[in-house]
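Student: The structure that follows is given in the form of structure tokens.
Just so it is clear, none of the values below were taken in a lab; they were calculated from the coordinates. This is a predicted model, so every value here is computed, not measured. Glycine also receives a Cβ, built like all others from the backbone with ideal geometry; neighbour counts cover every protein chain displayed.
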Amino acid sequence: MVRAQHRLILALLLVSLALVLAACGSGPRSASGQAAQTGNVAADDGEVVVVTIKNFKFEPAHITVAPGTRVRFVNEDPTPHNVVQGTVADVGRKDHTPLFESPELQEGQSWEYVFDTEGEFAYVCTVAGHYLMGMVGSVTVTADSEAVAAAAASVPSTEPTDAEVEHDHTHDAAPALSMQALVDAYPDLYSLKPEGLVELQPFRVEGNVKEFALDIQEVQHELIDGVVVTAWAFNGILPGPTIRVQEGDIVRVHFTNTHHQPHTIHWHGIYADQEHDGVPHTSAAVMPGETRVYEWVAEAPGTYWYHCHVDSYRHVDMGMYGAIIIEPKDPEAVTWANEYTLILDDWDSNVDAMATRYEPNHNYFLLNGRAFPDVPTLTLKVGETTRIRLINAAYSNVAMHMHGPSFMVVESDGKPVPLPYEKDTLDIAPGERYDIEVTPRKAGLYPFHAHNLRYVTNDGMYPGGMHLMLDIRP
């Protein structure tokens with residue numbers, strides 16, 4: 001009986017040992033440093049290789065190591081990053097399960113992974129679309145000691161340059177200047193328009209060459225009285241300043257990235273050369289601390305806009321946009337007495353801009369960066385033609401409806417329509433621009449608002465959102 005019990009205990013011990021060995025397996029092992037622990041804790045044996053994360057790069061980006069090597073990823077950026085196994089093509093694929101995935105690493109945090117199995121292991125940073133900026137790397141695991149030694153000898157120095165040491169990565173959001181305060185502070189550079197937009201003046205004009213300066217600032221912006229959100233704003237205002245030039249001008253924009261994220265400026269509707277088109281994978285992103293000069297020719301009169309094209313879903317939604325107006329060279333082509341520009345936008349007041357998955361739920365709907373009732377009233381006159389330029393920077397179609405007078409649609413996407421047509425409601429797709437003209441016959445106070453009726457609320461409360469008044473005077 002005792003022997004039978006001993007045999008049973010021995011059998012149970014053997015089964016337990018087998019289960020432990022099966023659980024350990026022979027694949028790569030991972031452990032975290034200061035970040036939250038994920039995966040199995042790495043063994044203490046084996047070499048440690050450090051990959052530094054800074055300036056939106058993995059350094060070194062490609063390493064060759066022996067099996068059993070522990071790779072430690074250390075984030076020295078003020079921006080959160082992660083390390084996710086896979087290629088750029090794997091990001092977002094439901095059929096791809098990463099072999100390893102770190103938590104988001106804040107500045108100073110590290111995370112480790114032990115590579116036990118030979119092979120090629122690609123990885124990317126998926127935070128805020130950073131992989132689109134070249135945040136990719138790979139680890140080659142091989143038992144070939146000569147290949148490992150050769151690769152180690154070729155690794156470049158990761159010591160920071162003087163410019164990197166001097167660059168200030170601080171990015172606390174400051175309160176946004178009011179439009180009027182900005183104009184008062186820099187009267188030679190800005191002018192305030194009655195619809196609540198600021199126009200940017202060139203800092204240099206030589207012949208038909210006009211040069212402008214833009215930067216990007218993280219600010220606290222007020223959607224309506226008492227509702228403040230973090231915005232990424234050109235020159236610290238939302239929308240960014242309007243650039244107004246004349247047909248035939250050569251436009252140069254000096255863009256300094258004073259923000260903590262990579263950015264570009266895309267000139268929506270402008271036929272710029274590829275290198276100046278502002279798309280990161282075809283004309284390069286502007287990294288934090290860098291300056292880029294964009295140049296293009298103002299070929300056709302009309303309404304255009306500019307916006308960031310890095311992780312556009314996120315960056316445009318954070319406020320990185322502004323209007324471009326190209327005036328006709330022939331002054332007689334201007335047949336309207338007055339004009340206004342309205343930029344339509346939607347906003348999620350609760351969204352985390354740096355979340356790995358950016359999934360906004362818009363609850364405020366804006367005209368020139370503000371929601372009703374904190375929007376200006378537009379003044380028109382009976383018998384006088386007013387042009388209204390409409391730009392849709394929102395995620396969805398917006399149907400703008402005018403009470404009282406109807407309007408004529410005269411331009412679409414910067415081009416005259418073949419035959420102007422009359423409307424009182426106009427559906428505008430994301431990115432589209434329309435120029436409409438109004439010649440009122442009667443005086444009165446009339447609404448002009450979005451007819452997607454959710455868009456005339458503030459966080460679900462009516463009235464609000466994309467709603468303003470037309471004050472038509474005799």
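Student: In µm²/s, what is D for the stretch 321-430 at 25 °C and 0.890 mPa s, where D = kT/(6 pi eta Rh) by Stokes-Einstein and Rh is the Kirkwood radius from Cα pairs?
Tutor: D = 151 µm²/s.
Student: Return the distance in nm (one decimal) between the two label points of a simple spin-label model at residue 446 and residue 228, each offset 7 Å from Cα along Cα→Cβ.
Tutor: Going from the residue 446 label point to the residue 228 one covers 3.9 nm.
Student: I'd like the FRET efficiency for residue 220 and residue 354, computed as 1/(1 + (r/R0)^6) with the beta carbon distance as r and R0 of 22 Å, rounded to 0.05.
Tutor: That gives a FRET efficiency of 0.85.
Student: Also, I was wondering about something else. Once label points are set 7 Å from the Cα along Cα→Cβ at both residue 423 and residue 361, what is their separation, rounded to one decimal in nm?
Tutor: Each label point lies 7 Å from its Cα, and together they span 3.1 nm.
Student: Let me ask something additional. Over the stretch 174-473, what is the percentage of antiparallel beta bridges among all DSSP beta bridges, to the nearest 5?
Tutor: 70 percent
Student: Separate question: State, to one decimal in nm, how far the label point of residue 183 lies from the label point of residue 381, with both points 7 Å from Cα in the Cβ direction.
Tutor: Label-label distance for residue 183 and residue 381, simple model: 2.0 nm.
Student: Give me the number: length gained by fully extending residue 399 to residue 50, i.e. 0.36 nm times residue separation minus the C-alpha to C-alpha distance, one decimal in nm.
Tutor: Length difference between fully extended and current span is 120.2 nm.
Student: Computed FRET efficiency, Cβ-Cβ of residue 330 and residue 116, R0 51 Å: what is it to the nearest 0.05?
Tutor: 0.10
Student: Another question about this same structure. Could you work out the percent of alpha carbon pairs in the stretch 174-473 separated by over 31 Å, rounded to a whole number?
Tutor: 25 percent
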